[in-house]
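Each remark here refers to the structure printed beneath this line.
Just so you know, all these numbers are worked out from the coordinates, no wet-lab data involved. Predicted, not measured: the structure shown is a model, and the values here were computed from it. A quick note on method: Cβ atoms are made from the backbone with ideal geometry, for glycine too, and the neighbour counts reach across all protein chains shown.
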Amino acid sequence: MSSADAVTPPAAAAWRAFAHQAWSVARFELLRLRRGRHVIARVFFFCGVLWAALLFAAGICLAADAPFQQEFTTMHLHVTPEWTQLKLAAMFQLVDLRAFYYLSVAALFGGLFEGEIGERTLHHLFLRPARREVVAVGKFVAGVLFAWIVGTATWVLATVAVLSVHGPRTGLATLFTPAALGNLLVYSGVLLVAAIGYGGLFMLVGTLIRAPALFALALMGWEALCTFLPLAFQRLTLAYWLESLLPVRTASTSQLAWITDPASWPIAILVPLLVGLACVAGAAWRVRSLQLAYGASD
């Protein structure tokens, strides 16, 4: 028997045990995220783009000469299903991806450990028969699944709300076209990649500083500023790589904005994934030395 044959089975068993324990922690964490005392506020903020879509649809209908038609005019604009889909693309890029979803992911992952320290519940996980690295990976997996599922469901509802201004029949017919369904699938994929990239980053930040919200706001400002800077600066933001995956990119209306070509989709997927996974590895290393001092937060 070769040395490789002797080493492979124990290594495979160790990886299977790691995956099993991480998934056990993830299921426990998903229950906490669904039943915690902050779940209503968390889901409400994740649904921010839905509230924006409802306000947009209501405004269009109130100003229209004859809403719920396939085509109508409002505010001197000719509203068609194609026009509405362009507005949806802008809403996803500027309102959801850069605002509500970004801030929701920042709050969720930044508080995965800090939130439980404040609630004095983290020791329950640390007392489980699993290494702390496994706990970190399990919490990350749970956060990604929660953000992705809620974010995708919210965006589908927002799409339905905006398309409803053309009436149920036209709205559904537009929604179930191959192009629209393909765009929904792409948007869901972008939300998944964003949850991994931003989630890993904010999870690491949440284990290093006590105020991850300040870091999130600073990073949000930096990514907004980079739209006015050359490509070399834009590549230093996750927003550039994520927006390169969008089926329709909305250019800034400012004359100062720097127009750049999107990155190729394999690289645009790979960069956020590598950033997120590297940050998760850093968070797992940091958690190994994390000391629980509940009294310090009183």
Revision key, fill the gap. Dividing the mean separation of Cα pairs under 8 Å (6+ apart) by the residue count of the stretch 10-297 yields a relative contact order in percent of 25 percent
Study note, to complete from the structure: Expressed in angstrom, Rg and Dmax over the Cα atoms of the chain are 21.9, 81
**Study point:** Selection from Phe28, Ile196, His38, by position along the positive dipole direction of the stretch 10-297 (Cβ)
**Key:** Phe28
Exercise for review: Please identify, among Thr154, Thr80, Thr177, the residue showing maximal mean-square fluctuation in a Gaussian network model of the chain using a 10 angstrom Cα cutoff.
Suggested key: Thr177
Check your understanding: What are the DSSP H helices in the chain that stretch 30 Å or more along their long axis, judged by alpha-carbon atoms, and whose average Kyte-Doolittle hydropathy comes to at least -0.5?
Key -> 3-35, 132-163, 178-208, 265-288
Point to revise | the stretch 10-297 - charge dipole about Cα centre, Lys and Arg +1 at Cβ, Asp and Glu -1, debye rounded to 20 | key: 1200 debye
**Study point:** Residue order, fewest to most surrounding Cβ atoms within 10 angstrom, among Ser244, Ser24, Ser104, Ser289
**Key:** Ser289, Ser24, Ser244, Ser104
Revision key, fill the gap. By the mean-Cβ-within-10 Å protection proxy, highest first, 92-100, 231-239, 141-149 rank as 141-149, 92-100, 231-239
Practice item. Please list the non-local residues whose amide H lies under 5 Å from the amide H of Phe72, H modeled 1.01 Å from N, same-chain partners needing a gap of 5 or more. Key: Val79
Practice item. Take the chain, connect every pair of alpha-carbon atoms lying under 10 Å apart with a spring to form a Gaussian network, then pick out the residue of Ala195, Ala17, Ala263 with the largest mean-square fluctuation. Key: Ala17
Review point. Which residue, Phe215, Phe140, Phe202, tops the fluctuation ranking in a GNM of the chain built on C-alpha contacts under 10 Å?
Key: Phe215
